[in-house]
Amino acid sequence: MPKMKKDGYARISKTVLIRRKNGMIENISGQTVHILDVGFKKCQCDIGLEKPIMIPNTHLEAVA
């Protein structure tokens, strides 16, 4: 399995839920995200919202 790299892309492979500003809860599994920073257990990712979110490394798989 390829490692996560800064400024790379990854696909969300497991269930990740986010709450929007209007109160709706959305499942974003299967989407491709842009990795902004890589940590030991979590990656900071941009999914197109106004701010980046932290996603556990176990929920991501690298896209070549």
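Side notes on the structure shown:
- The single condition among (1) open to solvent by less than 60 Å² (accessible area, probe 1.4 Å); (2) touching a Leu at 6+ places or on another chain (Cβ under 6 Å) that SER13 does not meet is (2).
- Within segment 16-27, considering residues that are assigned to a loop (DSSP other than H, G, I, E, B) and charged (D, E, K, R), the one surrounded by the fewest Cβ atoms within 10 Å (Cβ to Cβ): LYS21
The rows are residues; the columns are (1) surrounded by 12 or more Cβ atoms within 10 Å (Cβ to Cβ); (2) part of a strand (DSSP E or B); (3) free of Cβ contacts under 8 Å to residues at least 40 places away in the same chain; (4) in contact with a helix residue (DSSP H, G or I) (Cβ under 7 Å, 6 or more places away or on another chain).
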residue: MET4; (1), (2), (3), (4): yes, no, no, yes
residue: ASP7; (1), (2), (3), (4): no, no, yes, no
residue: SER29; (1), (2), (3), (4): yes, no, yes, no
residue: VAL33; (1), (2), (3), (4): yes, yes, yes, no
residue: PHE40; (1), (2), (3), (4): no, no, yes, no
residue: GLU50; (1), (2), (3), (4): no, no, yes, no
residue: THR58; (1), (2), (3), (4): no, no, no, no
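The values are calculated or read from the model by the stated rules, or taken from the named source; none is laboratory data. Please read these numbers as outputs of a predicted model, since none were measured by experiment. Cβ sites come from the backbone with ideal geometry, for glycine too, and all protein chains shown count toward neighbours. Only protein heavy atoms, including side chains, enter the accessible area calculation; ligands, DNA and RNA are left aside. Shrake-Rupley method; radii C 1.70, N 1.55, O 1.52, S 1.80 Å.
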